[in-house]
Amino acid sequence: MRILCIISTVMALTTTACSNSVVIQDDPGPRGSYFKGDLSNAVRNGAIVTVVVGNPFGMEKARFDDRVRGLMKHENRELPAEFVAAHSDRTVRPYRVVVAFDLRKGISVYDACTEPGSLATVPRSRWVNISVAFCQGDSVKSATEGYVGDVSSVDDPKFSELVKAATRYMVSDYDYENDNTGPRVP
């Protein structure tokens, strides 16, 4: 796991170090189906469809989704991309990203690509959990998960860092194809 600490004088004075930490699991499971360049191929026209599931702050859903997509913009590895709501001439089918907040226990980020609209979420507790999947059709090419505590709103810097960090680590910085030591796709 990579721990990314947000350092802020205000936060340092008002919250504990644990609550200040954005935690991202860089490699939550097998990534044998992701190879370096897959995301570049998916965003070669400048954008990728991004489905946002959940709404931990109870705000207007469209506004929340737009905020999340805006935070993700150009935060991905490989070619910089915009994360958009619908397919256009700037997106490449069948690729998309699914970003889910506070998934119900027992639902995996690896379930996100098949039917993102049916993913169940739970009301937010002290923590905001994020799951991000890079999909090719119904298959997960790569994914990551993370969390942060004591987030006050969608405008909280910790929420912004959570979304941005999860976007960066959505695809691995490790290429199994060229290493020959990691998992392979038959």
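Every number here is computed from the coordinates shown, using simple stated rules; none is lab data. Please read these numbers as outputs of a predicted model, since none were measured by experiment. Please note: Cβ atoms are built from the backbone with ideal geometry, for glycine as well, and neighbour counts cover all protein chains shown.
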Q: List the residues whose amide H sits under 5 Å from the amide H of Lys141, counting only those 5 or more places along or on another chain, with H placed 1.01 Å from N in the peptide plane.
A: Phe134, Cys135, Gln136
Q: Could you work out the local net charge near Ser88, counting Lys and Arg as +1, Asp and Glu as -1, over the other residues with Cβ closer than 13 Å to its Cβ?
A: +1
Q. For Lys141, Lys164, what's the fewest-to-most ordering of other Cβ within 10 Å of each Cβ?
A. Lys164, Lys141
Q: With the Cα gyration tensor of the range 112-171 in hand, convert its eigenvalues to equivalent ellipsoid semi-axes via √(5λ) and list them largest first in whole Å.
A: 23, 15, 8
Q.
If packing is taken as the average number of other Cβ atoms within 10 Å across a peptide's residues, how do 113-126, 76-89 rank, most packed first?
A. 76-89, 113-126
